[in-house]
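Remarks on the structure that follows.
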Amino acid sequence: MTRHDPDIMNLLASRPSLHMDAQDGLLFEGVPLQTIASQVGTPCWVTGAGTLRRRTRNLRKAFAERGLNIALHYALKANDHLATLNVLRQEGCGADVVSGGELLRARQAGIAPADMVFSGVGKTDQELALALREGIGQINVESAEEINRLSHIAHQMGLAAPVALRVNPHIDAETHDKISTGRLGDKFGIDWADAALLYQEASALPGIDMRGLATHIGSQILSPAPFKAAYARIAELVTGLRAQGLTVSVVDCGGGLGVRYRDELAPPPAALAGAIAETLGGLDLKLALEPGRWIAAPAGVLLASVIDLKAQREGVSDFVIVDAAMNDLARPSLYGAWHGIIPLAPDIAYAETAPQTVVGPVCESSDVFGKDRLLPAMRPGDTLALLDTGAYGAVMSSTYNSRPLAAQVMIENGQWALVRPRQRVESLWADETLPEWLGSE
Ligand code: LLP
């Protein structure tokens, strides 16, 4: 079966934060995006605080309905702007951090280190010491080597590190190869066959306070089955460890819940809650989740303007060249990801369309946002929105081709504010120095 792209009406119908207004064009949480594009310029990221809040509440509700009390540790890496983090802190989220930088950023947003989990396959001694000094809530350890290092550091500091072992359950999350983390051969976690012995050994180490287990099998997961299989393995481990007299009080269920970008049948949070309830629900555990994409992806759009059109010969889609590029939004070039594209102009949904290929100006053939998209006729200066770019969007930007980082705006309750100005081009080289031997000619 050929896969058809959803048309603009369909894209809008499945995105409650977006509306097409006959006068004002595309609205995001009620705010005309054209106003933001005109006043701030493009490219520009827009985050909808209302969407962040609504999705966080929906997630929580799905678990509550299964009788589960679960701590939400928002995965900072998805969208780490301080404004986003402040909104999510207000919504009661802690944080999942993967570097010293993320820890300090989350703290800067007022998230208490006690409400943070430190994940990641390679934490330096300095980062581990920082986490301990700050009083981090939990460190998810990924290897025998790491736990020995942590034991030494914590013991020297006279502290006991709160630890969960991140287990690699050898489950294929059936997602993109580059964002799969729970298979044999993926670099993440401790092989589940070795986890029980390591847990036992680690419980006897100085400076280590073993709390429980963690797992995270990948991202953009579109079926509850791999979640359930992974959590069933964790449940088995919990029972086995307890039978040996060891204390296991915490299970961190990771992140990974997928969203609809194109036409995917993404499982609702209730399906994830069900998978957890059926496997870990009856084990008297403190449960935690590390969602990133599910909360943040639909809460953001990237605005771009048409620089030029480039006609192609019959049978090949014309190019629409826009002022955002792969350095801004890397997902299409990196993972072949599909993002909806909607022009901001009013009534565009009813206009006649023709296939067009939307590209950025970067000098790489992978700098393509959408191939053969059915779009109305565009003109230079027209603006469009790239949808669902609130997660793994701005955070993955670079300044490749000496392109300054795009501006960022947050909207809430009909108001909007610039939360990060467009980077000044001079700041791109501000920290660069010349070796003395080059002289001053
Ligand atoms: N916990 C851990 C340990 C993680 O490594 C991740 C994501 C998450 C939680 C959050 O996963 P989420 O709920 O967002 O799926 N750049 C890629 C995604 C990389 C995900 C990395 N880890 C993308 O744009 O698709």
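The values are calculated or read from the model by the stated rules, or taken from the named source; none is laboratory data. Source: prediction; values computed, not measured. In this analysis, Cβ positions are derived from the backbone assuming ideal geometry, glycine residues included, and neighbour counts consider all displayed protein chains. When the accessible area is computed, the model is the full protein with side chains, heavy atoms only, and any ligands, DNA or RNA have been set aside. Shrake-Rupley method; radii C 1.70, N 1.55, O 1.52, S 1.80 Å.
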Conditions: (1) touching a helix residue (DSSP H, G or I) at 6+ places or on another chain (Cβ under 9 Å); (2) open to solvent by 40 Å² or more (accessible area, probe 1.4 Å). ILE153 meets all but one. Number of the miss? (2)
Top-ranked residue in the range 394-406 [being part of a loop (DSSP other than H, G, I, E, B) and within 16 Å of the ligand (Cβ to nearest atom); ranked as most open to solvent (accessible area, probe 1.4 Å)]: SER398
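Quick one: is ALA304 part of a strand (DSSP E or B), assigned by TED's automatic domain parsing to the domain that holds PRO376 and aliphatic (A, V, I, L, M)? Step through it out loud before you land on a result.
Working: part of a strand (DSSP E or B): yes; assigned by TED's automatic domain parsing to the domain that holds PRO376: yes; aliphatic (A, V, I, L, M): yes.
So ALA304 passes the test.
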For the range 38-88, how many residues are in a loop (DSSP other than H, G, I, E, B), surrounded by fewer than 23 Cβ atoms within 10 Å (Cβ to Cβ) and in the same structural domain as GLY100 (by TED's automatic domain parsing)? 6
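So that you can scan it fast, the table gives a plain yes or no per residue for (1) within 16 Å of the ligand (Cβ to nearest atom); (2) within 23 Å of LEU76 (Cβ to Cβ); (3) surrounded by 15 or more Cβ atoms within 10 Å (Cβ to Cβ):
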position	(1), (2), (3)
PRO346	no, no, yes
THR383	no, no, yes
LEU387	yes, yes, yes
TYR392	yes, yes, yes
GLN408	no, yes, yes
Of the residues in the range 418-441 that are free of Cβ contacts under 8 Å to residues at least 24 places away in the same chain and open to solvent by less than 50 Å² (accessible area, probe 1.4 Å), the one that is nearest to the chain's Cα centre (by Cα) is SER427
Mind counting the residues in the range 291-329 that are under 20 Å from THR42 (Cβ atoms) and of a type in the set (Lys, Arg)? 1
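State yes or no: is THR239 within 14 Å of the ligand (Cβ to nearest atom) and either in contact with a Lys or Arg (Cβ under 7 Å, 6 or more places away or on another chain) or β-branched (Val, Ile, Thr) (or both)? Let's see the steps before the verdict.
Working: within 14 Å of the ligand (Cβ to nearest atom): no; either in contact with a Lys or Arg (Cβ under 7 Å, 6 or more places away or on another chain) or β-branched (Val, Ile, Thr) (or both): yes.
The answer is no for THR239.
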Residue list for the range 184-228, filter: part of a loop (DSSP other than H, G, I, E, B) and open to solvent by 70 Å² or more (accessible area, probe 1.4 Å): LEU184, GLY185, LYS187, ALA204
Find the residue count for the range 200-223, including only residues that are out of contact with any Gly (no Cβ under 7 Å at 6 or more places or on another chain) and within 16 Å of the ligand (Cβ to nearest atom). 3
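Each row is one residue, and each column tells you yes or no for (1) under 18 Å from GLY189 (Cβ atoms); (2) at pLDDT below 95; (3) of a type outside the set (S, T, N, Q).
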{"position": "LYS123", "(1), (2), (3)": "yes, no, yes"}
{"position": "GLY135", "(1), (2), (3)": "no, no, yes"}
{"position": "ASN140", "(1), (2), (3)": "yes, no, no"}
{"position": "GLU145", "(1), (2), (3)": "yes, no, yes"}
{"position": "LEU150", "(1), (2), (3)": "yes, no, yes"}
{"position": "ILE153", "(1), (2), (3)": "no, no, yes"}
{"position": "MET157", "(1), (2), (3)": "no, no, yes"}
Would you check if there is a residue in the range 302-310 being touching a helix residue (DSSP H, G or I) at 6+ places or on another chain (Cβ under 7 Å) and among the β-branched types (Val, Ile, Thr)? no
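If you scan the range 275-301, which residues turn out to be assigned to a strand (DSSP E or B), open to solvent by less than 20 Å² (accessible area, probe 1.4 Å) and farther than 16 Å from ILE341 by Cα? Before you say what the answer is, go through the steps one by one.
To start, the set of residues in the range 275-301 that are assigned to a strand (DSSP E or B) comprises 286-289, 300-301.
Among the residues that remain, those that are also open to solvent by less than 20 Å² (accessible area, probe 1.4 Å) are: 287-289, 300-301.
Within the range 275-301, LEU287, ALA288, LEU289 qualify.
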Of all residues in the range 384-425, how many are over 20 Å from LEU82 (Cβ atoms) and touching a His at 6+ places or on another chain (Cβ under 8 Å)? 3
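Residue by residue through the range 246-274, note down the ones that are part of a helix (DSSP H, G or I), among the hydrophobic types (A, V, I, L, M, F, W, C) and either more than 15 Å from the ligand (Cβ to nearest atom) or surrounded by fewer than 19 Cβ atoms within 10 Å (Cβ to Cβ) (or both). Quick ask: steps written out before the conclusion?
Of the residues in the range 246-274, the ones part of a helix (DSSP H, G or I) are 269-274.
When the remaining residues are screened for being among the hydrophobic types (A, V, I, L, M, F, W, C), the result is 270-273.
Answer for the range 246-274, where residues must be part of a helix (DSSP H, G or I), among the hydrophobic types (A, V, I, L, M, F, W, C) and either more than 15 Å from the ligand (Cβ to nearest atom) or surrounded by fewer than 19 Cβ atoms within 10 Å (Cβ to Cβ) (or both): ALA270, ALA271.
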